[in-house]
Every structure is written in structure tokens, then in C-alpha cells.
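Colleague: Provided herewith is a single structure, encoded as C-alpha cells, for subsequent inquiry.
The values are calculated or read from the model by the stated rules, or taken from the named source; none is laboratory data. If you're wondering where the values come from, they're calculated on a predicted model, not measured in any experiment. A quick note on method: Cβ atoms are made from the backbone with ideal geometry, for glycine too, and the neighbour counts reach across all protein chains shown.
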Amino acid sequence: MYESCPVCGQHYEPEVGFYWGAMYISYGFSTAIVFLTGILLFYLAHDPPVWVYITSVAAVVVALTPLLFRYARVVMLYLFGGITYDPHLAATLPHHSIEKFDN
């Protein structure tokens, strides 16, 4: 992850240890995935053995770990970092600052 936005220069870590809270958000995402996978297996696979639940949940969580990590940090930054996306600001930035990072 970049330390700052390559286009506007916004620093992504407002304070040291800011993303420790993202672990709790990631935990919430993982818990939702576990419940959703369990419910889907129960209804679609007609209540399979316990090893199927464990294997399926582990595979889904491991497969989605990169997304969970990234989106937990995004949610943490958006909710508690005081940073919001402003499409009008993005349109006013000079195009050369965007082009130099496209290489």
C-alpha cells in the first residue's frame, strides 16, 4: 500500500497504529462469511458432515483474505480517518500528476 496517494498526496495513515482497528472490521467480515457459508451449505448441500463445513469455510476465508485485508483498511480509513472521496476534487487535479504514475 502506498504511504500517500500518488495523485493528491493524501497521507493514508493518520496516526501510528491507526489500522489496528481494521482487525476488528476484518473479524466482522470474516464472521459474516462464516455464517453465510454455513447457511448456504446447510440449505444447498442438505446439511453435510462437519468436515465439509470446516473445509469450505476455511477455503472461502483463505481465498478472500486479500480482499478482507484491503476492504477492512478502506472501511477503517473512511469511517474513522475523516477522509472521503470527492469526485469534484479529482476532476480539478492537473492531469500531469495522474499521467506520471501511469507508466
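Colleague: Which of the residues that make up the stretch 9-35 are among the aliphatic types (A, V, I, L, M) and in contact with a helix residue (DSSP H, G or I) (Cβ under 9 Å, 6 or more places away or on another chain)?
Modeller: ALA22, MET23, ILE25, ILE33, VAL34
Colleague: How many residues are surrounded by 11 or more Cβ atoms within 10 Å (Cβ to Cβ) and within 19 Å of the chain's Cα centre (by Cα) if we restrict to the stretch 1-16?
Modeller: Selection size over the stretch 1-16: 7.
Colleague: Among residues belonging to the stretch 17-48 that are among the small types (Gly, Ala, Ser) and over 14 Å from VAL61 (Cα atoms), point out the one that is surrounded by the most Cβ atoms within 10 Å (Cβ to Cβ).
Modeller: ALA22
Colleague: Right, here's the next one. When both residues are 6+ apart or on different chains and their Cβ atoms are under 8 Å apart, which pairs have a first residue that lies in the stretch 1-22 and is over 16 Å from TYR78 (Cβ atoms), and a second that is part of a loop (DSSP other than H, G, I, E, B)?
Modeller: So the pair list comes out as TYR2/TYR12; GLU3/TYR12; GLU3/GLU13; SER4/GLN10; SER4/TYR12; PRO6/PHE101; VAL7/LEU93; VAL7/PHE101.
Colleague: Hey, another quick one. Identify all residues within the stretch 13-26 that are at pLDDT 90 or above and more than 16 Å from PRO66 (Cβ to Cβ); write none if there are none.
Modeller: TYR24
Colleague: Determine if the stretch 50-63 includes at least one residue that is of a type outside the set (Val, Ile, Thr), more than 24 Å from the chain's Cα centre (by Cα), exposed (fewer than 12 other Cβ atoms within 10 Å of the Cβ) and modelled with pLDDT of 95 or more.
Modeller: yes
Colleague: On the basis of being at pLDDT 95 or above and more than 30 Å from THR92 (Cβ to Cβ), does ALA45 make the cut?
Modeller: So ALA45 does not fit the description; no.
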